[in-house]
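The structure under discussion is supplied below as structure tokens; questions concerning it will follow.
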Amino acid sequence: MTRKRKRIRVLIAKPGLDGHDRGAKIIARALRDAGMEVIYTGLHQTPEMIVIAALQEDVNAIGLSILSGAHNYIFPRVMELLKEKGMKDVLVFGGGIIPQDDILSLKKIGIKKIFTPGASTDEIIKFLEKSLKK
Amino acid sequence: MKTTTKERLEKFTTVSNMPVKRLYTPSDIKDQDYLKDIGLPGQYPFVRGAHPAMYRERLWTMRQFAGYGTAEDTNQRFKYLLEEGQTGLSVAFDIPTLMGYDSDHPRSKGEVGRCGVAIDTMADMEILFKDIPLDKVTTSMTINAPAAILFAMYIAVAEKEGVDTDKIGGTIQNDILKEYIAQKEWIFPPGPSIRIITDIFKYCAENVPGWNTISISGYHIREAGASAVQELAFTLANGIAYVEAGIEAGLDVDIFAPRLSFFFNSHMDFFEEIAKLRAARRIWARVMKERFRARDPISMRLRFHTQTAGCSLTARQPENNIVRVAIQALAAVIGGTQSLHTNSMDEVLALPTEKAVTIALRTQQVIAYESGITDTIDPFAGSYFVEALTNKMEEETYKYFEKIDELGGMVAAIEKGFPQKEIIESAYSYQKAVERGERIIVGVNKYAEEEELPIKTLKIDYEVEKRQVARLKEIKKERNKRVVTSVLNRLQNAAEGRDNLMPYILNAVRAYATCGEICNVLRKVFGEYREPVVY
């Protein structure tokens, strides 16, 4: 079924226990300023909480922001739960303190893109607009 | 003579958006009274430094923040750093420890030992400081919500090794207000959190006199995106809140104020940072004397640790970060810091490798021994520009103080989301300025390179979590369960009443109760904090 939508809906999520939310909040606001509908989860979310929020909010994309180094556990867990719920068409991207080697392995499990410090909000907006163009 | 030369930019501002004039002259500081407003180092209002001889007497403590994996891993890194000439220790705990969850808690999955060392019980603490003489080395611990517990473990380890508690020295961060504002690793709501903090003030005044009971931190506030003035204002406003709390708890200000310490960020704008650090000392001296009527000059003297700005480092062309850190470290030293952490170039990608952390430490050693900067005190005093900027910082800080007082003090301001909102505004407008190219970041929005070779980063073994959980299980099996239950029950009674919690927490850690178990008792009594989300 194809859903007709005017605006892109994005869930910006802070998984894990780290409290560094500067990036997540900046991205949330920049996407909103770019005309997208943005839901920000707040801090300290489990993968389960994130996937439920994504389902309830019926989003096109999930942005995961993490700076604690737990991405290799948490990101795959989110992907697993999305699969279980049959939400394969939701685009997942991420950002944070994530080394190059890990980026490669995270891409393999279906994370579309990882942005590291220095990435511009413009880059992220363009990425979402391009990837979600139907 | 021609004075209207066209300039490179329409307006010049500091990295925090403070306007900067082409030239500063005596007219910019004409109202300044040298003795009243500046004075001498080690004397009120302490602008020129906390101590009379500063680095001519003793260099700052070179204190690299370190922690990863298990206690064994970090103990090794500590020993390496001490061998390389570091003069104090600084412990980074992993996030489950910061949040008061044990390594076997479901919420700890994937996080154990990843961005700090995992400490569940006193047994881990014993390993962490194995073969390190606690009466000779001072230790700083970045721990907030569960600070009392980790501090109690440190005391208990010292006791076990036969070191008197009046011989140990160091700092616990113990600054919950900035957690609500910026770093966001909290457990309990403000009321009970502040009670624990004042319990620590009281306990240390009587039992651990050489300990800095709190490190009131601007670092994380700045990293979250605050301007220099916001960092200064919110940090000192938090300081005011703690002093008020201490007085309200019945303590004489001159009993606990001398052990308060501070922690600032050193960012990219060289002169702004120097001015900020000088202003911090003067504002605090005036606050303590005028607002709180402190009598002891030591209560008015602001001492601080500095860390270079993690948020200024770039993932692109990471080697450039070495240069950024050197400039920031220089500002911290000229600003008169008591101790310093220099960031490693690769911290924007992962925890630092030994190589990267050595370069960062060497940066401090080059400044200390080669640059000549340590030979005279506060060398920028009297600079028209630096003095004018110092004055401006102070004025702007007082404006924030007024606003915060109007809101009913810092705790009320935090609950209303005021500092959080101010910070995210600054962070967003800075980001936009970078993206418009108004702020240049070398290697990112100018002189970027298409292809970059990744640098080597530290890998933390995934076995760490398994090993740590196994050790925890072992300790739980070996300890005397009845004793644990009884010390935890007594702690709960104390928390429900008004006793100082420190002795109860000490008894609990001595019985190898876990950090998570102790926090759970307190969660039951105190409840948990919920954040007002603003963005």
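Determine whether A:Glu57 is more than 9 Å from chain B (Cβ to nearest Cβ), out of contact with any strand residue (DSSP E or B) (no Cβ under 7 Å at 6 or more places or on another chain) and not basic (Lys, Arg). Steps first, please.
Values: more than 9 Å from chain B (Cβ to nearest Cβ): yes; out of contact with any strand residue (DSSP E or B) (no Cβ under 7 Å at 6 or more places or on another chain): no; not basic (Lys, Arg): yes.
No; evaluated as a whole, the condition is false for this residue.
Scan the range B:19-42 for residues that are within 20 Å of B:Gly382 (Cβ to Cβ) and open to solvent by less than 100 Å² (accessible area, probe 1.4 Å) and report the count. Even if it seems obvious, please write down each step before you answer.
In the first step, residues of the range B:19-42 are kept if they are within 20 Å of B:Gly382 (Cβ to Cβ); the result is B:20-42.
Still in the running and open to solvent by less than 100 Å² (accessible area, probe 1.4 Å): B:20, B:24-29, B:32-34, B:37-42.
Summing the residues that are within 20 Å of B:Gly382 (Cβ to Cβ) and open to solvent by less than 100 Å² (accessible area, probe 1.4 Å) in the range B:19-42 gives 16.
Let me ask something else about it. Which of the residues belonging to the range B:125-155 are open to solvent by 10 Å² or more (accessible area, probe 1.4 Å), closer than 19 Å to B:Gly69 by Cα and more than 15 Å from the chain's Cα centre (by Cα)?
Within the range B:125-155, B:Glu126, B:Ile127, B:Lys130, B:Asp131 meet the criteria.
Then there is this: Just checking, how many residues over the range B:56-88 are over 22 Å from B:Val464 (Cα atoms) and outside any loop (DSSP other than H, G, I, E, B)?
5
Let me ask you something else. Quick one: which residue in B:Arg291, B:Arg259, B:Arg301, B:Arg295 is of a type in the set (Lys, Arg) and touching a residue at least 60 places away in the same chain (Cβ under 8 Å)?
Values: B:Arg291 fails: touching a residue at least 60 places away in the same chain (Cβ under 8 Å); B:Arg259 fails: touching a residue at least 60 places away in the same chain (Cβ under 8 Å); B:Arg295 fails: touching a residue at least 60 places away in the same chain (Cβ under 8 Å).
None of the other options fit; the residue is B:Arg301.
Another question, then. Just checking, which of A:Ala119, A:Ala30, A:Ala24 is within 9 Å of chain B (Cβ to nearest Cβ), under 26 Å from B:Tyr430 (Cα atoms), among the small types (Gly, Ala, Ser) and surrounded by fewer than 19 Cβ atoms within 10 Å (Cβ to Cβ)?
A:Ala119
Among (1) out of contact with any Asp or Glu (no Cβ under 7 Å at 6 or more places or on another chain); (2) in a helix (DSSP H, G or I); (3) surrounded by 21 or more Cβ atoms within 10 Å (Cβ to Cβ); (4) not acidic (Asp, Glu), where does B:Gly516 come up short?
With respect to (1) out of contact with any Asp or Glu (no Cβ under 7 Å at 6 or more places or on another chain); (2) in a helix (DSSP H, G or I); (3) surrounded by 21 or more Cβ atoms within 10 Å (Cβ to Cβ); (4) not acidic (Asp, Glu), B:Gly516 is out only on (1).
Looking at this structure, is B:Ala228 touching a His at 6+ places or on another chain (Cβ under 8 Å), under 25 Å from A:His20 (Cα atoms) and among the aliphatic types (A, V, I, L, M)? Quick ask: steps written out before the conclusion?
On the way: touching a His at 6+ places or on another chain (Cβ under 8 Å): yes; under 25 Å from A:His20 (Cα atoms): yes; among the aliphatic types (A, V, I, L, M): yes.
Yes.
Suppose we keep only residues that are within 14 Å of chain A (Cβ to nearest Cβ) and assigned to a strand (DSSP E or B) within the range B:89-101. Which one would you say is surrounded by the fewest Cβ atoms within 10 Å (Cβ to Cβ)? Don't jump to the end; show me each part of the working.
Filtering the range B:89-101 for residues within 14 Å of chain A (Cβ to nearest Cβ) gives B:92-101.
Still in the running and assigned to a strand (DSSP E or B): B:92-93.
On the way: B:Ala92: 20, B:Phe93: 25.
Within the range B:89-101, the match that is surrounded by the fewest Cβ atoms within 10 Å (Cβ to Cβ) is B:Ala92.
Could you figure out which of (1) under 23 Å from B:Pro532 (Cα atoms); (2) open to solvent by less than 10 Å² (accessible area, probe 1.4 Å) isn't true of B:Ala158?
That leaves (1) as the condition not met.
Something else about it: B:Lys446 is checked against (1) within 14 Å of another protein chain (Cβ to nearest Cβ); (2) open to solvent by less than 80 Å² (accessible area, probe 1.4 Å) and fails just one. What number does that condition carry?
(2)
Quick one: is B:Leu361 in contact with a helix residue (DSSP H, G or I) (Cβ under 8 Å, 6 or more places away or on another chain), crowded, with 24+ Cβ neighbours inside 10 Å and over 22 Å from B:Val15 (Cα atoms)?
Details: in contact with a helix residue (DSSP H, G or I) (Cβ under 8 Å, 6 or more places away or on another chain): yes; crowded, with 24+ Cβ neighbours inside 10 Å: no; over 22 Å from B:Val15 (Cα atoms): yes.
Judged against the criteria, B:Leu361 is not a match.
Got at least one residue in the range B:432-448 being in contact (Cβ under 8 Å) with a residue 60 or more places away in the chain, outside any loop (DSSP other than H, G, I, E, B), hydrophobic (A, V, I, L, M, F, W, C) and in contact with an Asp or Glu (Cβ under 7 Å, 6 or more places away or on another chain)?
No - not one qualifying residue is present in the range B:432-448.
Condition check ((1) more than 14 Å from chain A (Cβ to nearest Cβ); (2) within 30 Å of A:Asp21 (Cα to Cα)) across all residues:
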position: B:Glu111; (1), (2): no, yes
position: B:Asp131; (1), (2): yes, no
position: B:Pro146; (1), (2): no, yes
position: B:Ile149; (1), (2): yes, yes
position: B:Ile155; (1), (2): yes, no
position: B:Ile181; (1), (2): no, yes
position: B:Ser193; (1), (2): yes, yes
position: B:Ile196; (1), (2): yes, yes
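Among B:Ile274, B:Ile255, which is the only one that is modelled with pLDDT of 95 or more and either over 20 Å from B:Tyr55 (Cα atoms) or in contact with a Ser or Thr (Cβ under 6 Å, 6 or more places away or on another chain) (or both)? Even if it seems obvious, please write down each step before you answer.
On the way: B:Ile274 fails: either over 20 Å from B:Tyr55 (Cα atoms) or in contact with a Ser or Thr (Cβ under 6 Å, 6 or more places away or on another chain) (or both).
Just a single option satisfies the conditions, and that option is B:Ile255.
Conditions (1) over 19 Å from B:Lys184 (Cα atoms); (2) modelled with pLDDT of 95 or more; (3) part of a helix (DSSP H, G or I), marked per residue:
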{"residue": "B:Asn493", "(1), (2), (3)": "yes, yes, yes"}
{"residue": "B:Asn500", "(1), (2), (3)": "yes, yes, no"}
{"residue": "B:Tyr504", "(1), (2), (3)": "yes, yes, yes"}
{"residue": "B:Leu522", "(1), (2), (3)": "no, yes, yes"}
{"residue": "B:Val525", "(1), (2), (3)": "yes, yes, yes"}
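Scan the range B:45-63 residue by residue and report those that are closer than 22 Å to B:Glu396 by Cβ and open to solvent by 40 Å² or more (accessible area, probe 1.4 Å). Walk me through it before giving the result.
Initially, the range B:45-63 is screened for residues closer than 22 Å to B:Glu396 by Cβ, giving B:45-48.
The answer is B:Arg48, and nothing else.
Examine the range B:420-429 for a residue that is within 22 Å of the chain's Cα centre (by Cα), open to solvent by 60 Å² or more (accessible area, probe 1.4 Å) and among the basic types (Lys, Arg), and state whether such a residue exists.
yes
Every residue, every condition in (1) aliphatic (A, V, I, L, M); (2) in contact with a Gly (Cβ under 7 Å, 6 or more places away or on another chain), yes or no:
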{"position": "B:Gln230", "(1), (2)": "no, no"}
{"position": "B:Ala237", "(1), (2)": "yes, no"}
{"position": "B:Gly250", "(1), (2)": "no, no"}
{"position": "B:Phe256", "(1), (2)": "no, yes"}
{"position": "B:Leu260", "(1), (2)": "yes, yes"}
{"position": "B:Phe263", "(1), (2)": "no, yes"}
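Here's another thing I want to ask about it. Which residues, counting only those in the range B:1-18, are of a type in the set (A, V, I, L, M, F, W, C) and either open to solvent by 40 Å² or more (accessible area, probe 1.4 Å) or in contact with a Ser or Thr (Cβ under 6 Å, 6 or more places away or on another chain) (or both)? Steps first, answer last, please.
Looking only at the range B:1-18, we keep the residues that are of a type in the set (A, V, I, L, M, F, W, C), and these are B:1, B:9, B:12, B:15, B:18.
Those that are of a type in the set (A, V, I, L, M, F, W, C) and either open to solvent by 40 Å² or more (accessible area, probe 1.4 Å) or in contact with a Ser or Thr (Cβ under 6 Å, 6 or more places away or on another chain) (or both): B:Met1, B:Leu9, B:Phe12.
Quick check on the range B:397-404. Is at least one of its residues more than 30 Å from B:Ala237 (Cα to Cα) and without any contact (Cβ under 8 Å) to a residue 24 or more places away in the chain? Spell out the reasoning first.
Filtering the range B:397-404 for residues more than 30 Å from B:Ala237 (Cα to Cα) gives none.
Scanning the range B:397-404 turns up no residue that is more than 30 Å from B:Ala237 (Cα to Cα) and without any contact (Cβ under 8 Å) to a residue 24 or more places away in the chain.
Cβ contacts < 9 Å: first residue free of Cβ contacts under 8 Å to residues at least 40 places away in the same chain, restricted to the range B:127-150; second residue assigned to a loop (DSSP other than H, G, I, E, B) and of a type in the set (D, E, K, R), any location; separation 6+ or different chain. Result?
B:Pro133/B:Glu161; B:Leu134/B:Glu161; B:Asp135/B:Glu161; B:Asp135/B:Asp164
The values are calculated or read from the model by the stated rules, or taken from the named source; none is laboratory data. A quick note: this is a predicted structure, and the numbers were derived from the prediction, not measured. For neighbour counting, all protein chains shown are included, and Cβ atoms are generated from backbone atoms with ideal geometry for every residue, glycine included. These accessible areas exclude ligands, DNA and RNA; they are computed on the full protein's heavy atoms, side chains included. Shrake-Rupley method; radii C 1.70, N 1.55, O 1.52, S 1.80 Å.
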